[in-house]
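Notes follow once the structure below has been shown.
The values are calculated or read from the model by the stated rules, or taken from the named source; none is laboratory data. Computed from a predicted model, the values in this text were never measured in an experiment. Cβ placement follows ideal geometry from the backbone for every residue including glycine, while neighbour counts extend to all protein chains displayed.
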Amino acid sequence: MQKKRRATSAVEFLAHLRAFLFPGRVANTRRGAARYLNNALRYMRWYAVKSDQVDWNKLYTEARKRIEHASSPAETYETIKWALSQLGDHHSLFLTPEQSQQLGQGKMLGMGLLLSNDGVVIEVLPESPAGKASIDVGDRIISLDGEPLSQENLSRVYNSPSLLVELQPRSQQESRTVSLEASPFYSNRLPTARILHEHIGLLELPSFLGNDGEIYAQTAQRALQELDKNYTLTGWIIDLRRNTGGDMWPMLAGVGPILGEGKVGSFVHAGGSRVPWLYQRGQARAGRWVAARVTNPYQLKQAMPPVAVLTSENTISSGEALAVAFRGRPRTRSFGEPTAGLPTANQGFKLPDGAMLQLTTALDVDRNGVSYDGSLVPDQEVPLDWSQLETDQDLVVLEALKWLQQQ
């Protein structure tokens, strides 16, 4: 019986035709794609924090099979993403040349919204499409493109090129509908501070991306300085609930006067080598390297005050590093919900075409030597009602206040 032959796809036909007409050129382009992939895999093998847990012979074999017909770096991207998923750290990621460029500029492509699982608007970035449409924190999304909001379609907010959003403003009775088009926008909010009950300061440290970390750090210190000079403060709340990560060093430099001077944590890399985190005289340092600094750093009137640290499932990566930095600090207690579970350090490795590997290269370690590789559970778990964010009914803030007033 004659064996049935598999039909040849158009893509395969063109590949075979190109190989027949231009054999040397095809061989060179395939070798170029293979070199590109091998370069990425070498970075993973050398630097990934869990490299010793990977079967590299098996991974290399499968990866090369996946790019057998690849003729350009771009055709290896999906395989590189697959390889990163095999590292087991849940944090490493791949950025295309365009995404890498936007990251360096502190920009993102999207709507500029962060939502809770039940559709409450948690964060709106000012220069984003959502910010320009006057969507506010506390508004509730009712429907997306005419479909009632659900767990199945919630992700459209983050990956759709356009959306018709019906929402219920927190400050109004009637719903309204806005049309959003994804576009690049500056992705940072700056730190803010406010007074609570006349004697407690609250400093919120949002996420940060880009190259202007000095502005972030200076803003944080100016904000806490203004409160400390104008009030007799007996304690501080550090709000990390909307800190989704980025560059931890401007955050550390900004909160340094409250955190306190000296070693506040460290990274532990594969093989066990450690790099300490330090805050000294306005400088946030990784060992001897000055990673961020504040000119004319401020000193609190009351050194080492009691501190309540607030976390949520949206406290991610560098936000978790900040939470780790407060672990083991005297007169400190954490409140809220467990963090996202990525208390690890990512390092960027540029590839020849401008794409970038963001590899997880180290675990976070607190000042007492405890390392973390999962969610940080707060000392006092408090259910978070996002609809009460930035109101007097924020239960997490109220519980933190209650503890601080007893110190």
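Could you grab the pairs with beta carbons closer than 9 Å, sequence gap of 6+ or different chains, first residue in the range 350-365 and at positive phi, second one in a loop (DSSP other than H, G, I, E, B) and not acidic (Asp, Glu)? Once the first residue is at positive phi and sits in the range 350-365, its partners that are in a loop (DSSP other than H, G, I, E, B) and not acidic (Asp, Glu) give Gly354/Thr96.
For the range 294-321, the candidate set comprises residues that are hydroxyl-bearing (Ser, Thr, Tyr) and over 13 Å from Gln225 (Cα atoms); within that set, the residue that is surrounded by the fewest Cβ atoms within 10 Å (Cβ to Cβ) is Thr295. Within the set Pro343, Pro338, Pro378, the sole residue that is at pLDDT 95 or above and surrounded by fewer than 20 Cβ atoms within 10 Å (Cβ to Cβ) turns out to be Pro338.
To keep it simple, each residue is scored yes or no on (1) under 23 Å from Ile195 (Cβ atoms); (2) in a strand (DSSP E or B); (3) among the small types (Gly, Ala, Ser).
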residue: Tyr298; (1), (2), (3): yes, no, no
residue: Met304; (1), (2), (3): yes, no, no
residue: Leu359; (1), (2), (3): no, yes, no
residue: Asp364; (1), (2), (3): no, yes, no
residue: Asn368; (1), (2), (3): no, no, no
residue: Val377; (1), (2), (3): no, no, no
residue: Ala400; (1), (2), (3): yes, no, yes
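If the condition is being over 15 Å from Pro378 (Cβ atoms) and more than 17 Å from the chain's Cα centre (by Cα), then the range 301-334 contributes Lys301, Gln302, Ala303, Met304, Pro305, Pro306, Pro330, Arg331. Filtered by the rule that a residue be free of Cβ contacts under 8 Å to residues at least 60 places away in the same chain, among the aliphatic types (A, V, I, L, M) and either buried (at least 19 other Cβ atoms within 10 Å of the Cβ) or part of a loop (DSSP other than H, G, I, E, B) (or both), the range 197-219 gives a lone residue, Leu203. Regarding the range 181-188, can at least one residue be identified that is over 30 Å from Thr219 (Cα atoms) and either in contact with a Gly (Cβ under 8 Å, 6 or more places away or on another chain) or assigned to a loop (DSSP other than H, G, I, E, B) (or both)? No, the range 181-188 contains no residue that is over 30 Å from Thr219 (Cα atoms) and either in contact with a Gly (Cβ under 8 Å, 6 or more places away or on another chain) or assigned to a loop (DSSP other than H, G, I, E, B) (or both).
Here Val307 does not qualify as closer than 25 Å to Leu209 by Cβ and either in the same structural domain as Ile122 (by TED's automatic domain parsing) or of a type outside the set (Gly, Ala, Ser) (or both). Does the range 342-356 include one or more residues that are of a type outside the set (Gly, Ala, Ser) and within 21 Å of Leu114 (Cα to Cα)? Checked against the condition, which is being of a type outside the set (Gly, Ala, Ser) and within 21 Å of Leu114 (Cα to Cα), the range 342-356 yields at least one hit.
Could you tell me whether Leu384 is touching a residue at least 40 places away in the same chain (Cβ under 8 Å), of a type in the set (A, V, I, L, M, F, W, C) and over 23 Å from Leu196 (Cα atoms)? Answer is no for this residue.
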